[in-house]
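Structure incoming, see below.
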Amino acid sequence: MNKTIKNIFEKAGGSVQIEDVTQDEWTYTDNLDVEKFAEIVARQCIFELVHESTLYSDPNGNIQDLVVDVTNRIKKRFGIV
């Protein structure tokens, strides 16, 4: 499992354990809050979008306007306030 996904999975209540003998990963989802998991993923996508836009913005703010629009659409799609 990707380190970032594992971190988000654990923040949402899931757990990952390594089996000593086989080195296999076991995931436990008994306490996983699926909505929280999805919201964290969406928020991190928005963060990356906003962060990257600051690196490439032009003086007229064209990229920033696009980022605001896309960010709002992502929030709406995932029900994030």
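What follows draws every value from the coordinates through simple rules; no lab data is involved. What you see is a predicted model; the values in this text were computed from it and never measured. Backbone-built Cβ (ideal geometry, glycine too); neighbour counts: all protein chains shown.
Determine the relative contact order of the chain: mean sequence separation of Cα pairs under 8 Å and six or more apart, normalised by residue count, in whole percent.
This gives 22 percent for the chain.
Can I ask one more? At R0 = 35 Å, how high is the FRET efficiency between residue 18 and residue 60 if r is their beta carbon distance? Nearest 0.05 is fine.
The computed FRET efficiency comes out at 0.10.
Moving on to the next point. For the chain, list the DSSP H helices whose alpha carbon atoms reach 27 Å or more along the long axis and whose average Kyte-Doolittle value is -1.0 or above?
Membrane-span-like by this rule: 34-56.
Please enumerate, by chain and number, the aspartates and glutamates with C-alpha under 17 Å from the C-alpha of residue 6, excluding those fewer than 8 residues away in the same chain.
Hits, sequence-local ones excluded: 19, 24, 25, 30, 33, 35, 39.
Multiplying the sequence separation of residue 11 and residue 38 by 0.36 nm and subtracting their Cα-Cα distance, what value in nm do you get?
Using 0.36 nm per residue and subtracting the Cα-Cα distance, I get 8.6 nm.
Could you tell me which label, among (i) 20, 58, 21, 1; (ii) 17, 34, 26, 15, 7, 1; (iii) 17, 47, 29, 6, 0, carries the value of P(r) over Cα pairs in 10 Å bins from 0, in percent calculated for this structure?
After the calculation, the listed value that fits is (ii).
Taking the square root of 5 times each eigenvalue of the Cα gyration tensor, what semi-axes in Å does the equivalent ellipsoid of segment 28-71 have, largest first?
After scaling each eigenvalue by five and taking roots: 32, 9, 4 Å.
Continuing with this model, one more query. In segment 1-45, which GluC sites (Glu not before Pro) fall in coil by DSSP and have 10 or fewer other Cβ atoms within 10 Å?
19
Can you compute the helix-only [θ] at 222 nm over the chain? Use -39500 (n - 2.57) per DSSP H run of at least 4 residues, normalise by all residues, nearest 500 deg cm²/dmol.
Working: 3 runs with 49 residues, N = 81.
Value at 222 nm, helices only: -20000 deg cm²/dmol.
Between residue 50 and residue 2, what is 0.36 nm times their sequence separation minus the Cα-Cα distance? Round to one decimal in nm. Write out the running numbers ahead of the final one.
On the way: separation 48, 0.36 × 48 = 17.28 nm, distance 2.25 nm.
Result: 15.0 nm gained on full extension.
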